[in-house]
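FYI, it's all coordinate maths here, none of it is from the lab. This one's a predicted model, so the numbers in the text were calculated from it and none came from an experiment. Note that each Cβ is placed from the backbone with ideal geometry, even for glycine, and that neighbours are counted across all protein chains shown.
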Amino acid sequence: MFATFACTPEALVLLTSALLFALGAAGLLLRRNPMAMLMSIELMLNAGNLVLVLAARANNFVGAQAGALIVLVLGAAEAVIGLALALALFRRRSLTDADEPQEVSG
Amino acid sequence: MQEQLPYLIAGCVVALLSAFGVVLSKQPVHGAVALLVHSLALAGLYLLLAAEFVAIGQVIIYSGAIVVLFLFVVLLLPQGGREGAPGSARVLAAALGGAGMFAALAFAIVGTRLPASGPAPAGGIQAIGHALFGSELVPFELTTLPMLLAIVGAVTIWRRQEQGGA
């Protein structure tokens, strides 16, 4: 049953995006470098985008593609803020470990 | 869509392998390059799924802007931001978290009845424009708020740490 399921193109792409999302989640838990954690978050955003594009194709609904574009823009904004925070952390205390900071102050 | 299956399989394999590269690379430079390969593979998948405009947006915004931003930040890091090996507890947590997430998603996927795709939708970019400025106008305009917040926030974080570090 599983083999026939995985052989339709839609199921293949769906399974891939589920794997990508799980990989991103695992990477977020595994890495300590804030840069690598951000990259894992980007992986998860991309996996969600893949499902949106697949849904647009399967249901013939172009609004889902517009949604994917909006996610793309939000991902860019998230990367800007995340990288600014990571860089501030690196420069100020030369930390490359997201677990180490114990306090937040201006 | 069945005739595109070999290309779809190839794109999915490249995307998955490069995602492993992003997660497992010791050095952020290698991770950023793997992220570049990953985003290009996804752009190829979007092309196969008849989403040309999203594919172009992925290449320009993602490969062109976000990954290059990552590379710039890697350049500014001390020792390239290399990190030590993760402890065994962390590896266990990541394996459990990833497996649990995949189990939940696979459970949800098996329960879905995705309709088999018909012929590719016509209209292309024009249809997306109609959707963005028609039915999806409110979410589209609301993205400007996070964009503005990101710009102001990044400048504020930078100025604050310049003043504090001086």
Fewest-first sequence of B:Val22, A:Val51, B:Val68 by Cβ atoms within 10 Å of each Cβ:
B:Val68, A:Val51, B:Val22
How would the protein assembly as shown be classified by its alpha-carbon gyration tensor: rounded, prolate or oblate, with rounded meaning a/c under 1.5 and the a/b versus b/c comparison settling the rest?
oblate
Lys/Arg Cβ at +1, Asp/Glu Cβ at -1, dipole of chain B taken about the Cα centre: which of B:Ser88, B:Val68, B:Ala15 is farthest positive-ward?
B:Ser88
What is the helix-to-structure angle for B:28-48, meaning the angle in degrees between its Cα long axis and the longest Cα principal axis of chain B, kept from 0 to 90 and rounded to the nearest 10?
10
Before rounding to the nearest 500, sum -39500 (n - 2.57) across all DSSP H runs of length at least 4 in chain B and divide by the residue total; then give [θ] at 222 nm in deg cm²/dmol.
-23000 deg cm²/dmol
Are there GluC sites (Glu not before Pro) in the range B:1-93 that DSSP marks as loop and that have at most 10 other Cβ atoms within 10 Å, and which are they?
none
Which whole number gives the average, over all residues in B:51-62, of C-beta atoms from other chains lying within 10 Å of the residue C-beta?
5
If one computes the Cα centroid of the range B:2-61 and of the range B:119-161, what distance in Å separates the two points?
22
Any idea what the relative contact order of chain B is, in percent, if you count C-alpha pairs under 8 Å spaced at least 6 apart?
19
